[in-house]
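Engineer: Got a structure here, written out as structure tokens. Questions coming.
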Number of protein chains: 4
Amino acid sequence: MSKGTVVLAYSGGLDTSCILVWLKEEGYDVITYLANIGQVEDFDAAKKKAESLGAKKVFIEDLRAEFVEEFIWPSVQASAIYEDRYLLGTSVARPCIARRQIQIARQEGAQYVSHGATGKGNDQIRFELTCYALYPEVQVTPWSMDANLMHISHAPAGLYLMTKSPEDAPNSPDVLEIEFKKGVPIKVTHVKEGKSKDTPLDIFSYLNEMGGRHGVGRIDIVENRFIGMKSRGIYETPGGTILYHAHLDIETFTMDREVRRIKQGLGVKFAEMLYNGFWYSPECEFVRHCIDKSQERVEGKVQLSVFKGQVYILGRESPKSLYNEDLVSMDVQGDYDPCDASGFIKINAVSLPGQLPASPGI
Amino acid sequence: MSKGTVVLAYSGGLDTSCILVWLKEEGYDVITYLANIGQVEDFDAAKKKAESLGAKKVFIEDLRAEFVEEFIWPSVQASAIYEDRYLLGTSVARPCIARRQIQIARQEGAQYVSHGATGKGNDQIRFELTCYALYPEVQVTPWSMDANLMHISHAPAGLYLMTKSPEDAPNSPDVLEIEFKKGVPIKVTHVKEGKSKDTPLDIFSYLNEMGGRHGVGRIDIVENRFIGMKSRGIYETPGGTILYHAHLDIETFTMDREVRRIKQGLGVKFAEMLYNGFWYSPECEFVRHCIDKSQERVEGKVQLSVFKGQVYILGRESPKSLYNEDLVSMDVQGDYDPCDASGFIKINAVSLPGQLPASPGI
Amino acid sequence: MSKGTVVLAYSGGLDTSCILVWLKEEGYDVITYLANIGQVEDFDAAKKKAESLGAKKVFIEDLRAEFVEEFIWPSVQASAIYEDRYLLGTSVARPCIARRQIQIARQEGAQYVSHGATGKGNDQIRFELTCYALYPEVQVTPWSMDANLMHISHAPAGLYLMTKSPEDAPNSPDVLEIEFKKGVPIKVTHVKEGKSKDTPLDIFSYLNEMGGRHGVGRIDIVENRFIGMKSRGIYETPGGTILYHAHLDIETFTMDREVRRIKQGLGVKFAEMLYNGFWYSPECEFVRHCIDKSQERVEGKVQLSVFKGQVYILGRESPKSLYNEDLVSMDVQGDYDPCDASGFIKINAVSLPGQLPASPGI
Amino acid sequence: MSKGTVVLAYSGGLDTSCILVWLKEEGYDVITYLANIGQVEDFDAAKKKAESLGAKKVFIEDLRAEFVEEFIWPSVQASAIYEDRYLLGTSVARPCIARRQIQIARQEGAQYVSHGATGKGNDQIRFELTCYALYPEVQVTPWSMDANLMHISHAPAGLYLMTKSPEDAPNSPDVLEIEFKKGVPIKVTHVKEGKSKDTPLDIFSYLNEMGGRHGVGRIDIVENRFIGMKSRGIYETPGGTILYHAHLDIETFTMDREVRRIKQGLGVKFAEMLYNGFWYSPECEFVRHCIDKSQERVEGKVQLSVFKGQVYILGRESPKSLYNEDLVSMDVQGDYDPCDASGFIKINAVSLPGQLPASPGI
């Protein structure tokens, strides 16, 4: 008799295959689930392997469009960056993948979910917090030691997959124009070739391709995991890096300074929540709502070039611009009275030491 | 043969007595330790009980002076308050108590410590985090279910011990003057009676007495525990409440506005760390250092009255005052040019919508 | 020939009367405007005086309901408090008063507005920033030195108008129940008398009356003005103080801890904006939107007593409660596994010094 | 008869020469002052020109070493960056330049200072706030319209001076090793060439040279000025950009996560103060003190390459490392119990919606 049904996040690799076998031996029915979020993968082979190992059902789910629209776009709006450097590419995939797994578990009447993430990483936390948030009664089956010991085989070697080395990248830049509306890209155009993309998945894939070609978005960092240890991360985020810079630019061009300051603080919090696995939490939903609100005016076009690992902003334009060229330039005074600056400065100096004699008491 | 030595934080009550017996039955040598941090307690009786239950050694430690100076004073400097209401009286005692327990464990060569706090409360966390911080190799022996089940006997009943009911409090106020230096009280004087106190413990005890007499510092709140659940807390903090108000007053009188704003943010963080049990952590040490630095100028005298549960500030004076009476009053202009205010306002209005025509691109 | 039309915020007092006369002498047509925001005032007398001094038109506007609903309620939602003590009663009135003045100026085709606030206070700034925000082309006519010199006559003397002295307050408390929905009060009931109020203006007026009777909400503080100087403020905010405490209580009872933490930070910013005169600014509109969003679940009833200057929370209930009594109490374990706490603590201790040996490089 | 003495910040250019002449015509004695902070300038020619225009005295001051040590180093410690992009190269020079000008004014008995910065820019504010902070009685002589109108001639054209275009930069990287102590660089070594520098000025100059050669540190941004308008800034900060990345890396490697989080918030504030001209203010001194404290452990070596406009971190090592290689890798469990992670996750999930049934009241 079956102990119940487990939906296993299955990669087709050695460790989750071991978990599959072990779960069956322990007496569970196992449904495997493999999400396509754009990784390079032989999905057919994984399907066949799962079936051959005794999976009762096999789900291969194409989540690419919803991943871009529902998870990456809000992160772009937030300028989400962890510890000043990491664009959270792995973190943002977890809640997307786990959400579908939970949907399958509910639909198939499974009380259990399982995964191959280890007890030391962030991914276990992100995975499990999402499961508990979306299916409070669910039980997470223990991850297998053995499987995790094998995990070392995945360790970094010739590790960059998406990006060319900047040294091998082309010797001339590509120039792109990205159009934003409400803080998310709605179109990308290759300026010279005139080619353009306008669905979220196409836009993001194209930026990945362009960024990858020019070696954009590689970092080698030490980061602080949620569980308190430092670890080294080597990441490549070509499209995300381009969007980070382009969005920052159009945002500063169209957003009030003080709104941006507050939004920046919220973005820091959002990045932490995302990193720590709290996408599905009251606080993260609240912060996403606030950030989304801040993006109402963030629209316009940014021109940029990608070259040898770098993104260079070339210019920007927007119907919602808050930039006033005449006022800034020196020879048009407009309504701006230079004496106001003196008053402004003097008032700002009032609280500097020595400006004011003090009264001892009151 | 003994399994090793445990230093048990022992209260003399039922639950820690059960733990003592259980630890001995499990084969440990048990040293009991009871801290005097000012609570009402029959220390002799507790000592005898511990001995009669088989404690190998009994420590009764008077920590009152160091508790006030090293733990309460920094909290006063920080204006530490959790979730806008709770003055952290319990939280601040934990690291003080656990520190001494660890000192005893090291000195007695004990590898284990134990305590009676339950798995649901904050106190277990505060206790254990302090132990791990100060003695990384220590092991915390498991708390006993049974003991904790009995814990319910401590639940609120006729619960206020330190404070009179405001309704029963005297019908006329007491007026006190508190003198601060570097953000901590160095003297309290009863204005009418001329009586004064000038050691930390005496000052704090006297403020507890005065506050208690007038019913100051009672609150009934719902708070968010570190472990994510809400709980109800009913607290009385008479002396702490008086100091909170007096310190806030002299601080605002002597501290630069912007320094105070930054320090206020640090104080919020400090309160969370304290509440969550991270007194002994790099971040809390860092924040305490910064807050202490902010207090260099915080000196002077605050006059206040306590009456029917309230603290009323009556006045303040300081050699480090940043208040300028002449400037504020309307009939002495001094160096202040009113036209500066217009310039200040106009510059502040520059970024308001509609002030500036926009340029679409750059 | 007239130089144009000025809408003057007119109080009926000496200083604004002087401004009225002076503006007419300078060649302006003057429309006076007096807002009723609940102050004690002889509006008829002010009207007659304005007319006798040559006002072309006289507006007396009852803004009480909109003041409570559109300005006070958002401040209650925000728990808006400046420098930890000041409930911003004066600050919150300015944008309400100036908004109507601007509406009158637009409707009457006036290019100018004027007021009696001095160059050293916050009120000038609050007034003028609101005007520039809502009517960018408006000109603010210079305030008169003479008028401001006379302003000293308003200085504190026997100054409390709304509140009884706590010493003279009744010797028994009144117990009230306030019902909230979306973070604003929708009903207040006097528990013993069964009397209740349910429009915003009635609720707030009644709380002012109750608080005033018991001496609630008096403070004597030193505050930091926007223009950098410290000034002394003596305030009485009886109804606002009651609402501050009641709202804080129901909010903590119904709001997620982390949402509250973020909202608390936004509330601090909101209070500064309000104090500094930026109600009508992109950043304040953004923050109000976010705070309003945070209040969706903040509903329920708070019971409290007012007595001798104090507000005591007695209890709370809510259909949106996040409090779980069984879980908190010690004898029902429910789904909570006490071993989880050990894991939680150990992971939290991972980054404490001494827990981890270090690797020198990577 | 002279109206008094003015110390004029003199560049040798057209506008400050006009101011010099105008001040003399107005009846002032003029002392010119030109700071060498590393810019390309013909100091001899400027000296002769000032003398020929009637300067009473001419000061040419080499501030390069103190500029690097006292102003740039603290900014490196702070990771100071304005609005996520601008490394504050101009801002950080102002207080350094103005400080010496004030020293000269005091020493020469001058009551006035003057400068050529316009009323619309940030530099006027930074200059004047520094003057008022260091010499409260000083008067700033009005800047001349004419001079400022000419300022347009300085506008961007073939504007990059310090950096090569990335396209023209060498086709192979240079690899550098930077050694830090207390968060500031104490040595830079060219790994291949073995060449090294070890005084602050030499280190910074060498990094400027290396970064410049590889086109590092160019940005084209829109930024929000203190006075509320947006302006476009085109900056090149080669050495500063290298140090920003290297410092960030060694800091994350050696600093506790939570300390870093707090320090990051302080750094954001520091950057704003610096940008707005408040280097000499109580709040900036306070924040610098706190940041400096946070850097105590920030020491070690960072290897990096500079190539085609980019800085790539290659590795880091430190005697103060908080990184533990064994713990992170999958096959060594050490003291880390994977079950702790489950407890940690479950406790973190306690407050997620649906985990807990609620009690309606208390």
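The values are calculated or read from the model by the stated rules, or taken from the named source; none is laboratory data. Everything numeric in this text was worked out from a predicted model, so none of it was measured. FYI the Cβ positions are ideal-geometry reconstructions off the backbone, even for glycines, and counts take in every protein chain you see. The accessibility values were calculated without ligands, DNA or RNA, using every heavy atom of the protein model including side chains. Shrake-Rupley method; radii C 1.70, N 1.55, O 1.52, S 1.80 Å.
Engineer: Please determine whether any residue of the range B:191-208 is within 30 Å of C:Val302 (Cβ to Cβ) and open to solvent by 30 Å² or more (accessible area, probe 1.4 Å).
Structural biologist: yes
Engineer: Also: Looking at this structure, is C:Arg85 basic (Lys, Arg), within 26 Å of C:Ser294 (Cα to Cα) and over 10 Å from the mean Cα position of the chain (by Cα)?
Structural biologist: So C:Arg85 fits the description; yes.
Engineer: From the residues in the range D:50-61 that are outside any loop (DSSP other than H, G, I, E, B) and in contact with a Leu (Cβ under 9 Å, 6 or more places away or on another chain), which one is farthest from D:Phe71 (Cα to Cα)?
Structural biologist: My answer is D:Ala50.
Engineer: Return the total of residues in the range A:232-253 being within 14 Å of chain C (Cβ to nearest Cβ) and touching a residue at least 60 places away in the same chain (Cβ under 8 Å).
Structural biologist: Residues in the range A:232-253 being within 14 Å of chain C (Cβ to nearest Cβ) and touching a residue at least 60 places away in the same chain (Cβ under 8 Å): 3 in total.
Engineer: Somewhere in the range A:172-192, is a residue assigned to a helix (DSSP H, G or I) and among the charged types (D, E, K, R)?
Structural biologist: no
Engineer: Please specify each residue of the range A:225-251 satisfying the condition of being open to solvent by 20 Å² or more (accessible area, probe 1.4 Å), part of a strand (DSSP E or B) and over 15 Å from A:Thr163 (Cβ atoms).
Structural biologist: Scanning the range A:225-251 gives a single hit, A:Arg232.
Engineer: Hey, any hits in the range A:63-73 for a residue that's modelled with pLDDT of 95 or more, crowded, with 16+ Cβ neighbours inside 10 Å, assigned by TED's automatic domain parsing to the domain that holds A:Val140 and under 25 Å from D:Thr252 (Cβ atoms)?
Structural biologist: Checked against the condition, which is being modelled with pLDDT of 95 or more, crowded, with 16+ Cβ neighbours inside 10 Å, assigned by TED's automatic domain parsing to the domain that holds A:Val140 and under 25 Å from D:Thr252 (Cβ atoms), the range A:63-73 yields at least one hit.
Engineer: Would you please name the residue that is least open to solvent (accessible area, probe 1.4 Å), looking only at residues in the range D:74-97 that are at negative phi and in a loop (DSSP other than H, G, I, E, B)?
Structural biologist: Checking each candidate, the answer is D:Ala80.
Engineer: Another question about this same structure. Could you look through the range B:9-32, keep only residues that are part of a helix (DSSP H, G or I) and hydrophobic (A, V, I, L, M, F, W, C), and pick out the one that is modelled with the lowest pLDDT?
Structural biologist: B:Leu14
Engineer: State whether one or more residues within the range D:183-204 are touching a residue at least 12 places away in the same chain (Cβ under 8 Å), among the hydroxyl-bearing types (Ser, Thr, Tyr) and over 24 Å from D:Glu70 (Cβ atoms).
Structural biologist: yes
Engineer: In addition: Given the options A:Ala35, A:Ala46, name the one that is under 25 Å from A:Val68 (Cα atoms), assigned to a strand (DSSP E or B), open to solvent by less than 40 Å² (accessible area, probe 1.4 Å) and at pLDDT 90 or above.
Structural biologist: Checking each option against the conditions leaves just A:Ala35.
Engineer: Identify all residues within the range C:81-99 that are under 21 Å from C:Ala117 (Cβ atoms) and either among the hydrophobic types (A, V, I, L, M, F, W, C) or free of Cβ contacts under 8 Å to residues at least 60 places away in the same chain (or both); write none if there are none.
Structural biologist: If the condition is that a residue be under 21 Å from C:Ala117 (Cβ atoms) and either among the hydrophobic types (A, V, I, L, M, F, W, C) or free of Cβ contacts under 8 Å to residues at least 60 places away in the same chain (or both), then C:Leu87, C:Leu88, C:Val92, C:Ala93, C:Cys96, C:Ile97, C:Ala98 are the ones that fit.
Engineer: Return the only residue of B:Val188, B:Val184, B:Val222, B:Val216 being surrounded by 20 or more Cβ atoms within 10 Å (Cβ to Cβ), at pLDDT below 95 and in the same structural domain as B:Glu251 (by TED's automatic domain parsing).
Structural biologist: Just a single option satisfies the conditions, and that option is B:Val222.
Engineer: Consider the range A:98-116. How many of its residues are surrounded by fewer than 21 Cβ atoms within 10 Å (Cβ to Cβ) and at pLDDT below 95?
Structural biologist: Of the residues in the range A:98-116, 0 are surrounded by fewer than 21 Cβ atoms within 10 Å (Cβ to Cβ) and at pLDDT below 95.
Engineer: If I filter the range C:263-286 for residues that are in a strand (DSSP E or B), small (Gly, Ala, Ser) and open to solvent by less than 20 Å² (accessible area, probe 1.4 Å), do I get at least one hit?
Structural biologist: No, the range C:263-286 contains no residue that is in a strand (DSSP E or B), small (Gly, Ala, Ser) and open to solvent by less than 20 Å² (accessible area, probe 1.4 Å).
Engineer: I want to confirm something. Restricting to the range C:150-171 and keeping residues that are loosely packed, with under 11 Cβ neighbours inside 10 Å and at pLDDT 90 or above, which single residue is farthest from the other protein chains (Cβ to nearest Cβ)?
Structural biologist: Of everything passing the filter in the range C:150-171, C:Asp168 is farthest from the other protein chains (Cβ to nearest Cβ).
Engineer: May I pose another question? Within the range A:293-312, which residues are outside any strand (DSSP E or B) and either at the interface with another protein chain (Cβ under 9 Å from one of its Cβ atoms) or not polar (S, T, N, Q) (or both)?
Structural biologist: A:Lys293, A:Ser294, A:Glu296, A:Arg297, A:Val298, A:Glu299, A:Lys308, A:Gly309
Engineer: Same structure again: Please pick out the residue among C:Gly354, C:Gly315 that is facing another protein chain (nearest Cβ under 7 Å) and assigned to a loop (DSSP other than H, G, I, E, B).
Structural biologist: C:Gly354
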